[in-house]
Structure formats: structure tokens, C-alpha cells
1. Assuming R0 = 35 Å, what is the FRET efficiency of Q164 and Q8, from their Cβ-Cβ distance, to the nearest 0.05?
2. Given the Cα-Cα distance of T84 and T173 and 0.36 nm per residue of separation, how much length would full extension add, in nm?
3. Just the projected area, averaged over all directions, of the convex hull on the alpha carbon atoms of the range 82-205: how many nm²?
4. Extension gain V28-E143, at 0.36 nm per residue separation less the Cα-Cα distance, in nm?
5. Could you work out [θ]222 nm for the chain from helices alone, using -39500 (n - 2.57) per DSSP H run of at least four and dividing by all its residues? Round to the nearest 500 deg cm²/dmol.
6. With a Förster radius of 45 Å, plug the Cβ-Cβ distance of S110 and Q150 into 1/(1 + (r/R0)^6) and report the FRET value to the nearest 0.05.
7. For the range 1-102, what does the relative contact order come out to in percent, with C-alpha contacts under 8 Å and a separation of six or more?
8. Counting heavy atoms of the protein chains only and a 1.4 Å probe, report the per residue accessible area for the range 129-205 as a whole number of Å².
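The values are calculated or read from the model by the stated rules, or taken from the named source; none is laboratory data. Computed from a predicted structure; not experimentally measured. Virtual Cβ from ideal backbone geometry, glycine too; neighbours counted across all protein chains shown. The protein model used for the area step is the full one, side chains on, heavy atoms only, and it has no ligands, DNA or RNA in it. Shrake-Rupley method; radii C 1.70, N 1.55, O 1.52, S 1.80 Å.
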Amino acid sequence: MGNPRTFQDEITRWAAGGSSGPLRELAVGLEVRTVVLLEGLSDVAALQALTARQGRDLAAEGVYVVSMGGAMNVGRYAGVLGRTGLGLELAGLCDERERPYFDRAFDRASAPLRNVFVCVADLEDEFIRALGEARVEEIIQAEGEARAWQTFARQPAQHGRSRQQQLRRFLGTKKGRKIRYGTLLVEAVDLDEVPAPLDDLLRSL
């Protein structure tokens, strides 16, 4: 089975204005059957870390994970990759506020809406609730960012927010931090306590 990176690279070239022809040929050559549409790289990192822990090789199963660079791009991606385009099955993971974009895109691409799995706020928030605030703060401390976290939590803008909300905001305040912690949170959670949206997505594939 081919390299998932190759498929993502070809999709990126198409998204930048390239032809879908090479993408179609590659999908056939890689025996792609299902594409999982994710908003960004942090979600991809979390999903890949979890499947590695579960001992699954999605590419070997014909499943390829795609970062769309933003939820509002789902219409274009679903149209090209889904049944009305390349003829692939679609699955997706999104936040509650993005559900309408995914529902419309999947409907237009003739993809089942049951294949859209929804987080309340975002995937990081789901893992914070699964692990508990104290455990997430332990992970932050182990990464050498305890002082940065404490400084952040004392900022006036954070007053009145719950600890869970503060933690979620902290994970997204520095470039690369959300991706790094996405993996760390996955590695820390018990496999029988994986947040339902992600667990249900993987069980559906």
C-alpha cells in the first residue's frame, strides 16, 4: 500500500489549482476506498497517534486521512473526492459549529450524513474532558511549559473562564503546540476512554 503522504501531497496540488486527473490515477493505484476529511493537522496527528496505539494501518485498509486546511473547505473536498467525483466513500470529524458545512457538503456529494462525527467544541476539548484537567496539567508540566501555562491562566482575558476552557485555549496559543499536544493527549488516554466522536469514527471505517 502506498504512502499516505503522497496522497495528501497530490490533494494539496489539486487544491492549489491543479487537475484532478493525477489524483484520480493515484487513488486507483493506492486502492483508496475511503477518505477521512479533517479540518487541520492537529486532528490528523491525533488520529494517526490513536491508530498507531490501536495497531491499525489505515492505508493498508484503503483509508486515507486528509487535512483540508479549514472546515469551510469541506464542500470542495467532498465534491472532488466523494461519490460525485472520484467515487470514494467519505467520513469526517468536525466541531459542532461546523456541522452545517459538513452536512451540506456530504449531502451534495451523496455521502451518508451518519459518517459525520461531531465534537462539542473541538477534539482537544474532548480529550481534556476524557483525561481530566489535573492530568492535562501534568502533561503540560512534563513538557516544561508549567510556567507558560500559569502565566496564561492569570491573564485578564482568562478570568471567568473554566479551567477546561483555559486549557483548551492554551493548547492553541502557540504555533505547533496544538499538533504536539494532540499527540500527547492521545498517548495519555486509556484506549477504553477515547472520546466518543473519534472512537465512533474509527469504528466506522
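1. On the way: r = 32 Å, r/R0 = 0.91.
E between Q164 and Q8, to the nearest 0.05, is 0.65.
2. Details: separation 89, 0.36 × 89 = 32.04 nm, distance 3.81 nm.
Full extension from T84 to T173 adds 28.2 nm.
3. Values: hull surface 35.3 nm².
The directionally averaged projection comes out at 8.8 nm².
4. Gain on extension, V28 to E143, equals 37.2 nm.
5. Per the formula, -15500 deg cm²/dmol.
6. On the way: r = 50 Å, r/R0 = 1.12.
Computed FRET efficiency for S110 and Q150: 0.35.
7. Values: 121 pairs, mean separation 33.2, N = 102.
Once normalised by length, the contact order is 33 percent.
8. Working: 4490 Å² over 77 residues.
Spelled out: the 1.4 Å probe surface of the range 129-205, per residue, equals 58 Å².
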